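Each reported figure results from applying straightforward, stated rules to the coordinates on display, with no laboratory input. Note that the structure is a prediction, hence the values are computed from the model and not measured. Here Cβ is always computed from backbone atoms with ideal geometry, including for glycine, and neighbour counts include all displayed protein chains.
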Amino acid sequence: MKKKLLFLGCNHSQIPYLEILKNQNWYIVGVDLNPDSPGRVMCDSFHNVGYDNFSELINVGVKEGFTSDDKVFTASAQFAHVGAATFAQHFNIIYPTEESIKLCLDKAAYYEFFQQNDIPIPSTWYISSKAELRDLVLSMDSLKWYYLKSDFSKNPSYVYRFNASSVPYEKIFWGRDRYLREFYILQEEFLGASLRLNLYGDRFNVFDFNSGNKTAEHHDRLIALGVIKTLQSFVRKQGLGHWLIKFDVILSHNEYAVLDIGMDPPSRMLRICNEQNFSLPKFYIDQYLFDQITYPDILD
């Protein structure tokens, strides 16, 4: 009998993953808020459920007879992992915990964790209202630039750059929604090379954040400053060691600061794989479902 797999999100970008899983002979139970999602036809069973509707996801699992021997997978938006974790916990399926995933989604939470665990971040303040921001601006260094970003921001939503004399008060959103839950985070601009680091198992690669090009220029410094070791330790402690985790890092000559964490499929690696006729979704599935690091060496 085929093992079942809950697949969250069935839009166009997920189709390559569905094709591989179909060839691996899984019984695929797809869920998507869009009843006409293009990946629907590739699923053995489909349910018109959003990945943030936790109770309905569990109802789907009960109807489909999921057990601890089955799997959960998503290559969708980062928020889908919360639903996947909730589902997995209910059916005792191995998956990172909801707490670890929420930590990685909430900038205020992971910045606080970083500060408590000696992982460097820029000078940081937490702000919940326009009045608090106005008060803080009075003490800002007029020669420096700052970034204001909401706790659940997804660039470019709710991310602002300014100095003390150019704060865009009227453009800043102060309501509450999926991108702004509680706090804005104000950070002093940390100067250096902007890098995207992808960590997978004991391996990693580095991309220049602005150009999107892979680079080995900074490898020695990243290792010497303990950046790779520190971030790999964080990944393992959060139970994310079987996943490909992305970090945005600013690297100066002898310091660094961590800005962001990402859990969605890496677009820069996908571009290289497409150029080289490799299947990133195949390697991605190998790691997430089978704990096998099979990415080609060209990606390191």
Item to check | Paramagnetic reach from E217 (point 7 Å along Cα→Cβ, amide N under 13 Å) across the stretch 250-292 | outcome: 251-253
Item to check | In Hz, Karplus ³J(HN,Hα) per residue of the stretch 274-280 (6.51, -1.76, 1.60; θ = phi - 60°; x = Gly, Pro) | outcome: 5, 5, 9, 6, 9, 9, 4
Checklist entry - Between E19 and L191, what length in nm is gained on full extension when 0.36 nm per residue of separation is reduced by their alpha carbon distance? => result 57.6 nm
Checklist entry - Quick one: Karplus J couplings for the stretch 43-60, per residue in order, coefficients 6.51, -1.76, 1.60, θ = phi - 60°, nearest Hz, x for Gly and Pro? => result 8, 6, 8, 9, 10, 7, 9, x, 6, 9, 9, 4, 5, 6, 4, 5, 4, 4
Checklist entry - Given the Cα-Cα distance of R176 and N163 and 0.36 nm per residue of separation, how much length would full extension add, in nm? => result 2.2 nm
Next on the checklist: For the pair D52/E255, report the inter-label distance in nm, with labels modelled 7 Å from Cα in the Cβ direction.
Outcome noted: 3.7 nm
Checklist entry - Over the chain, what is the mean sequence separation of C-alpha contacts under 8 Å (at least six apart), divided by residue count, expressed as relative contact order in percent? => result 14 percent
Checklist entry - What percent does the relative contact order of the stretch 2-49 come to when contacts are Cα pairs within less than 8 Å and at least six residues apart? => result 42 percent
Item to check | Three-way shape call for the stretch 25-85 based on the alpha-carbon gyration tensor, with the a/c threshold at 1.5 | outcome: rounded
Next on the checklist: Can you compute the modelled spin-label distance between D135 and F113, with each label point 7 Å from Cα toward Cβ, in nm?
Outcome noted: 2.9 nm
Next on the checklist: Going by amide H atoms built from the backbone, whose H comes under 5 Å of the H on L244, apart from near neighbours?
Outcome noted: none
Checklist entry - With charges set only on the Cβ (+1 for Lys and Arg, -1 for Asp and Glu), what does the dipole of the stretch 41-198 come to about its Cα centre, in debye to the nearest 20? => result 520 debye
Checklist entry - In the calculated pair distance distribution of the stretch 168-238, what percentage of Cα-Cα distances lie above 14 Å? => result 72 percent
